[in-house]
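Enquirer: Would you mind keeping the following structure in view while I ask a few things?
The values are calculated or read from the model by the stated rules, or taken from the named source; none is laboratory data. Keep in mind that this is a model prediction, so the values were computed, not measured. Backbone-built Cβ (ideal geometry, glycine too); neighbour counts: all protein chains shown. The area values use the complete protein model at the heavy-atom level, side chains included, leaving out ligands, DNA and RNA. Shrake-Rupley method; radii C 1.70, N 1.55, O 1.52, S 1.80 Å.
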Amino acid sequence: MQFADLVADYERLEATSKRLEMRSILVDLFRKVPPAQLPSLVYLMQGELRPEFEGVELGVADSLAARAVAQATHTPEKTVSDSVRRTGDLGTTAEELLAKPSGRLGAEPLKVDEVYSELTRIAASSGEGSQELKIRILVELIARATPPEAKYIVRFALGKLRLGVREMTIVDALSAAFADAGKEARAAVEAAYNRSSDLGLVAEHVARHGLAGLREIKIEVGRPIRPMLAERALNLSDVLERMHGRTALEYKYDGLRVQAHIPSGGTVKLFSRRLDEISTQFPELVKELPTAIHRRPAIVEGECVPVDPETDELRPFQEVSRRRGRKHDLARLQEEVPVRLFLFDVLLDGPTVTVDEPFPERRKRLETLVKDTERVRLATQKIVESVPEAQRFFDEAIAAGCEGVMAKSLAAGSTYRAGARGFWWIKYKREYTHALADSIDGVVVGAFYGHGRRGGRYGALLLAVYNPDKDRFESFCKVGSGFDDATLDRLPAKLKPYEVKERPESVLTGLEPDVWFRPAVVMEVRGAELTLSPIHRAGVGLIRPDAGLALRFPRFTGRWRDDKDAANATTTKELLSLYRSQVRQISKSSGGEEPT
Ligand code: AMP
């Protein structure tokens, strides 16, 4: 196929925003080319050379492309950059400069195949001398191109093709071109895409053998599956109603979704929710997954969350985002932001593709597939049948540092619906409140021994507020963040005078620290917000029976309140009023009591 013909279609596609019109342009185009050529055509249409998850990039910077345009059109670089300032697009500049008679060299017309393979050569060149090679190839392509061809080559090279053709329009067109335009055919094409994430592959199969050809596209390790998505609910009774009274509730971890592909041999690959490969950013997961997953090959899904290895508590999502997209400093970040992957689904288990199994079966598999390791765990789950039961689990999830719960259908039809959003999964998050305005002065009542870097020292402290009515100290958080090395070193000496063998009678907590202290030392902490917790005992029963107040994501401010003794610490009453002053949608919308 001549590149000029494809470019004519590009121009028509660019000129319209109507999906039906786009579809008919694509149908005509797809029918014109032999099946073997369809994949490259489909990728080119999306501004890619390979399916997106392979991450093939041309690596052509603006300046490099500008130099290529200047050379190919025999124009001074300054003229090129002046023109770009006016047109705002180097592609248009290339088109204009070539249109001048002096620019055009005149040569063999370009073929689509040729353009594709030259662009692939640009992408493949790396290392020393690669910039020169990239320029040379680009110059040759532009020099041979007609003005409109040059425009699209340049835009493509810069990753700015933007024809406005969406994946689902290509799906429409493929089914209309090679099966029929009916709903079922379209659904089959889409399903093949959702399971392979590779529209080029789907195009070739459907072009060769129609719908039957699509059945040959299997789920494979190394090729990501488009993730299943969740609907949302207004409150927990709405969740239960939609699930016909019974559902599997899971913690909704707040992190990065990860699809892990573990081959029988060879290295693990991790894909993000958008199907970018992120293996290099989480080398510790790549290393540990083969130990944690003991049947292979396997494809599992989970959420990668930052954790505090000292307290075993989850950390705010923002911390893990620091590890995304990084190329340098990986080792340091791995240490600074330790993560844990909580697995919640299995899509391939050894020889068995499990996506068509109902969720309860997949969960059972997952439980026998995963062996908990330091960094890989199973997502916490509970089957619930009533709103109070769901509410308790929800509170527990929030107290554990999660953003809410995920309800999963237990029905026979609860298969893994790749790429689809539906009520088979329902998310219910707590509304975010503003960061807690005030700091809290907590009394140290216990300590936990540290692990890893903090081995041999204290890793976290248990803090309480004072309840003068009952003359007792009620725990509200376990704090392991905000300590520098020097402070950590000094902790044992500072606290030693107050160490006691058993829990002092005045201390109320659901936790069992390694060391107990007589309430004396006061320290200042800050946190994201106050939530209800089944473990902590601050103001227990005042808002909900069996639940106390807990500080989410606590952090030591660095300030010891040596000016205060234990009885001058923040009181239960103050904590309660801080809780009430928070903007809280949660209790209202989840069917719980509105605190008064
Ligand atoms: P959202 O991003 O708010 O639409 O919520 C959906 C996301 O929650 C998923 O894509 C996952 O990344 C994440 N998630 C956290 N925990 C779970 C879980 N237990 N099951 C499914 N998804 C979860």
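Enquirer: For a quick check of your reading of the model, give me the residue pairs whose first member lies in region 339-363 and is touching a residue at least 40 places away in the same chain (Cβ under 8 Å) and under 12 Å from Thr415 (Cβ atoms), whose second is assigned to a strand (DSSP E or B) and open to solvent by 30 Å² or more (accessible area, probe 1.4 Å), with beta-carbon atoms closer than 8 Å and at least 6 apart or on different chains.
Expert: That search, which allows pairs on different chains as well, returns Leu347/Val353; Phe359/Trp424.
Enquirer: Identify, please: which residue in region 305-328 is without any contact (Cβ under 8 Å) to a residue 60 or more places away in the chain and surrounded by fewer than 19 Cβ atoms within 10 Å (Cβ to Cβ) and is, among those, farthest from the ligand (Cβ to nearest atom)?
Expert: Here the residue is His328.
Enquirer: Is it the case that Arg50 is outside any helix (DSSP H, G or I), closer than 30 Å to Arg274 by Cβ and open to solvent by 10 Å² or more (accessible area, probe 1.4 Å)?
Expert: Yes, satisfied.
Enquirer: Regarding Val405, is this residue within 17 Å of Arg242 (Cα to Cα) and surrounded by 24 or more Cβ atoms within 10 Å (Cβ to Cβ)?
Expert: Against the criterion (within 17 Å of Arg242 (Cα to Cα) and surrounded by 24 or more Cβ atoms within 10 Å (Cβ to Cβ)), Val405 qualifies.
Enquirer: Do any residues in region 124-144 that are under 8 Å from Ala72 (Cβ atoms) have Cβ atoms under 9 Å from those of residues that are basic (Lys, Arg) and at pLDDT below 95, where the two are at least six apart or on different chains, and which pairs are they?
Expert: These pairs meet every condition: Ala143/Arg104.
Enquirer: Sticking with this structure for a sec: Can you tell me how many residues in region 219-235 are away from the ligand (no atom under 16 Å from the Cβ) and either surrounded by 21 or more Cβ atoms within 10 Å (Cβ to Cβ) or more than 26 Å from Leu285 (Cα to Cα) (or both)?
Expert: Of the residues in region 219-235, 2 are away from the ligand (no atom under 16 Å from the Cβ) and either surrounded by 21 or more Cβ atoms within 10 Å (Cβ to Cβ) or more than 26 Å from Leu285 (Cα to Cα) (or both).
Enquirer: Taking Arg363 and the conditions (1) over 23 Å from Pro309 (Cβ atoms); (2) within 12 Å of the ligand (Cβ to nearest atom); (3) in contact with a Gly (Cβ under 9 Å, 6 or more places away or on another chain), which numbered condition does it fall short on, given that it satisfies the others?
Expert: Every listed condition holds for Arg363 apart from (3).
Enquirer: Only one of these conditions is not met by Tyr466: (1) within 16 Å of the ligand (Cβ to nearest atom); (2) touching a residue at least 60 places away in the same chain (Cβ under 8 Å). Which number is it?
Expert: Of the numbered conditions (1) within 16 Å of the ligand (Cβ to nearest atom); (2) touching a residue at least 60 places away in the same chain (Cβ under 8 Å), the odd one out for Tyr466 is (1).
Enquirer: Now a separate question. If Ala181 passes every condition in (1) more than 25 Å from the chain's Cα centre (by Cα); (2) crowded, with 19+ Cβ neighbours inside 10 Å but one, which one does it miss?
Expert: So Ala181 meets the others, but not (2).
Enquirer: Now for a different question. Scan region 283-302 and tell me whether some residue there is within 13 Å of the ligand (Cβ to nearest atom) and open to solvent by 40 Å² or more (accessible area, probe 1.4 Å).
Expert: No, there is no match, as no residue in region 283-302 is within 13 Å of the ligand (Cβ to nearest atom) and open to solvent by 40 Å² or more (accessible area, probe 1.4 Å).
Enquirer: Can you confirm whether Ala203 is out of contact with any Ser or Thr (no Cβ under 8 Å at 6 or more places or on another chain), of a type in the set (A, V, I, L, M) and either crowded, with 21+ Cβ neighbours inside 10 Å or part of a loop (DSSP other than H, G, I, E, B) (or both)?
Expert: Yes, satisfied.
Enquirer: Can you tell which of Ala390, Ala411, Ala407 is out of contact with any Asp or Glu (no Cβ under 7 Å at 6 or more places or on another chain), assigned to a strand (DSSP E or B) and more than 18 Å from Ile225 (Cβ to Cβ)?
Expert: The conditions single out Ala407.
Enquirer: Right, another one. Pull up region 243-262, narrow it to residues that are open to solvent by 10 Å² or more (accessible area, probe 1.4 Å) and either away from the ligand (no atom under 13 Å from the Cβ) or of a type in the set (A, V, I, L, M, F, W, C) (or both), then point me to the one that is modelled with the lowest pLDDT.
Expert: Going through the qualifying residues, I end up with Leu256.
Enquirer: Tell me, yes or no, whether region 464-481 has at least one residue that is within 32 Å of the chain's Cα centre (by Cα) and assigned to a loop (DSSP other than H, G, I, E, B).
Expert: Yes, there is a match, as at least one residue in region 464-481 is within 32 Å of the chain's Cα centre (by Cα) and assigned to a loop (DSSP other than H, G, I, E, B).
Enquirer: Working carefully through the options Arg457, Arg421, Arg430, find the one that is of a type in the set (Lys, Arg), touching a helix residue (DSSP H, G or I) at 6+ places or on another chain (Cβ under 7 Å) and surrounded by fewer than 22 Cβ atoms within 10 Å (Cβ to Cβ).
Expert: The match here is Arg457.
Enquirer: In contact (Cβ under 8 Å) with a residue 60 or more places away in the chain, of a type in the set (A, V, I, L, M, F, W, C) and in contact with a Gly (Cβ under 6 Å, 6 or more places away or on another chain): does that describe Leu236?
Expert: yes
Enquirer: Condition check: among the aliphatic types (A, V, I, L, M), modelled with pLDDT under 95 and either open to solvent by less than 10 Å² (accessible area, probe 1.4 Å) or farther than 24 Å from Leu133 by Cβ (or both). Does Ala99 satisfy that?
Expert: Yes; evaluated as a whole, the condition is true for this residue.
Enquirer: What number goes with the only condition from (1) in contact (Cβ under 8 Å) with a residue 24 or more places away in the chain; (2) closer than 27 Å to Tyr449 by Cα that Ala331 does not pass?
Expert: Looking at each condition in turn, Ala331 falls short on (1).
Enquirer: In region 379-414, which residue that is without any contact (Cβ under 8 Å) to a residue 60 or more places away in the chain and within 25 Å of Gly548 (Cβ to Cβ) is nearest to the ligand (Cβ to nearest atom)?
Expert: If we take residues in region 379-414 being without any contact (Cβ under 8 Å) to a residue 60 or more places away in the chain and within 25 Å of Gly548 (Cβ to Cβ), then Glu389 is nearest to the ligand (Cβ to nearest atom).
Enquirer: From Val56, Val69, Val60, which residue is of a type in the set (A, V, I, L, M) and open to solvent by less than 10 Å² (accessible area, probe 1.4 Å)?
Expert: Exactly one of Val56, Val69, Val60 is of a type in the set (A, V, I, L, M) and open to solvent by less than 10 Å² (accessible area, probe 1.4 Å), namely Val69.
Enquirer: What single numbered condition from (1) in contact (Cβ under 8 Å) with a residue 60 or more places away in the chain; (2) of a type outside the set (Gly, Ala, Ser); (3) away from the ligand (no atom under 16 Å from the Cβ); (4) open to solvent by 40 Å² or more (accessible area, probe 1.4 Å) fails to hold for Arg215?
Expert: Status for Arg215: all satisfied but (1).
Enquirer: Right, here's the next one. Filtering region 263-276 down to residues that are in contact with a strand residue (DSSP E or B) (Cβ under 6 Å, 6 or more places away or on another chain) and either more than 16 Å from the ligand (Cβ to nearest atom) or assigned to a loop (DSSP other than H, G, I, E, B) (or both), which residue is most open to solvent (accessible area, probe 1.4 Å)?
Expert: Filtering first and then ranking leaves Arg273.
Enquirer: I'd like the full set of residues that are more than 26 Å from the chain's Cα centre (by Cα) and open to solvent by 10 Å² or more (accessible area, probe 1.4 Å), limited to region 184-200.
Expert: Hits for region 184-200 are Glu184, Arg186, Ala187, Ala188.
Enquirer: Take the residues in region 55-80 that are in contact (Cβ under 8 Å) with a residue 24 or more places away in the chain, in a helix (DSSP H, G or I) and of a type outside the set (A, V, I, L, M), then tell me which one is farthest from Val202 (Cα to Cα).
Expert: Result: Gln71.
Enquirer: Have a look at Gly541, Gly558 and point out the one that is open to solvent by 20 Å² or more (accessible area, probe 1.4 Å), out of contact with any Lys or Arg (no Cβ under 8 Å at 6 or more places or on another chain), assigned by TED's automatic domain parsing to the domain that holds Pro497 and closer than 19 Å to Ser481 by Cβ.
Expert: Just a single option satisfies the conditions, and that option is Gly558.
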